[in-house]
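One structure is given below, encoded as structure tokens.
What follows draws every value from the coordinates through simple rules; no lab data is involved. On a predicted model such as this, the values are computed, not experimentally measured, just so you know. Counting neighbours? That spans all protein chains shown, and the Cβs are built from the backbone with ideal geometry, glycine included.
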Amino acid sequence: MIKHFLALSSFSCIDIQALIDRAHYFSLQKQPDKIHNLLKYKIFANVFYEPSTRTRCSFEVAAKRLGAEVVNFVPENSSVKKGETVYDTLKTLESLGVDSIILRHADDNVFDSLHGRFDLPLVNAGAGKLEHPSQGLLDLLTLHQEFGKLAGLKIAVCGDIKHSRVAGSLMVAAEKFGMEIYLCGPESLLPSQTRPFIHRANFDEILPSVDAVMMLRIQLERHENLELNAKSYHAQFGLTEARVHTMKKEAIILHPGPFNRGVEIADEVVEHKQSRIFKQMANGVYSRMAILEWVTSGENS
């Protein structure tokens, strides 16, 4: 049975926890040879129609850590420039013999248009503004490593939430695991509706009570005619050192990257002792190792 990794919403808590546990197992491995043959002879295609550093590179590192090979497809240097569709590009890669396709695209519904048309696993590396499930998994891994649980955690998310697929996956996970999510930021960048476990909040008022704060950048590439006054935004919604001092000592700071220093997060906060931003990045490799192993395991969850 083909196993796609497209959205956390399609997984049960048990399945997500199993992926978290497997990713944590990979994080503890100090002998690369022990796991280097798990995906030997597999070939993954990284197909990124949007720019990426962390996600694309961590998928590549994850595959190579497991002994697989990676084809990095670059749309700018391909037949996309000649008018080739996403479907035809992916079908070409399938015909060439890749074992799985890791796809990032700006279209919210790109995977809906591809459903049932391929005989190999598809992995969502970020689609539109709805979900970024592999980022969601690495965020959950980081939280679980820090607190030993997910249920009952309180997380403030601040920034451009309306256009954030990172926030989208985190909110899906909140309802599954019983976390409380507090949405903060400019009114125009917040979703119009909330759901169980999802609340709107004043950033400064909620900071002292949360276990983690997830800072998000303003996604200017998804806006038209948005003028951002960096200094004003930083004063109202930036995570400054003064704001960190109001947080609980055991609370942690998260950010999916890329971060804009001096806008949504102060320069000195990026590597603050309570920051787990670079730990998140490291966990991106381990989480994506678990995902690549799962989609190619041939078992239906």
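Per-structure values
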read-out	value
Segment 148-187: equivalent-ellipsoid semi-axes (sqrt of 5 x gyration tensor eigenvalues, Cα, Å)	19, 11, 7
Whole-Hz ³J(HN,Hα) from phi, Karplus 6.51 cos²θ - 1.76 cosθ + 1.60, for segment 276-283, glycine and proline x	10, 5, 6, 5, 3, 4, 4, 5
Ordering of 110-122, 144-156 by packing [mean C-beta count within 10 Å, highest first]	144-156, 110-122
Spatially near lysine pairs across segment 133-281, Cα under 22 Å, sequence gap of 8 or more or different chains	17
Fewest-first ranking of LEU207, LEU130, using other Cβ atoms within 10 Å as the exposure measure	LEU130, LEU207
Helical mean residue ellipticity (222 nm; -39500 (n - 2.57) per DSSP H run of 4+; nearest 500) of the chain	-11000 deg cm²/dmol
Sorted by Cβ density within 10 Å, fewest first, the residues TYR286, TYR182	TYR182, TYR286
Rough spin-label spacing in nm, given labels placed 7 Å along Cα→Cβ, for GLU69 and GLU187	5.7 nm
Ranked SER10, SER232, SER52, criterion: other C-beta atoms within 10 Å, fewest first	SER232, SER10, SER52
Long-range HN-HN contacts of ILE252 with modeled amide H, under 5 Å	ALA212, VAL213
FRET efficiency, GLU271 to HIS245 (Cβ-Cβ, R0 22 Å, nearest 0.05)	0.85
Globularity index of segment 133-281, i.e. its alpha-carbon radius of gyration over 2.2 N^0.38 Å	0.95
Diffusion coefficient, µm² s⁻¹, Stokes-Einstein with Kirkwood Rh over alpha-carbon pairs of the chain at 25 °C and 0.890 mPa s	124 µm²/s
Extension gain from SER232 to ILE35, taking 0.36 nm per residue of separation minus the Cα-Cα distance	66.0 nm
Net charge dipole size for the chain [Lys, Arg +1 and Asp, Glu -1 on Cβ; Debye, nearest 20]	580 debye
For segment 133-281: relative contact order, % (alpha-carbon pairs under 8 angstrom, 6 or more apart)	24 percent
Amide H within-cut-off set for PHE48, under 5 Å, with H built and near neighbours excluded	PHE73, ARG104
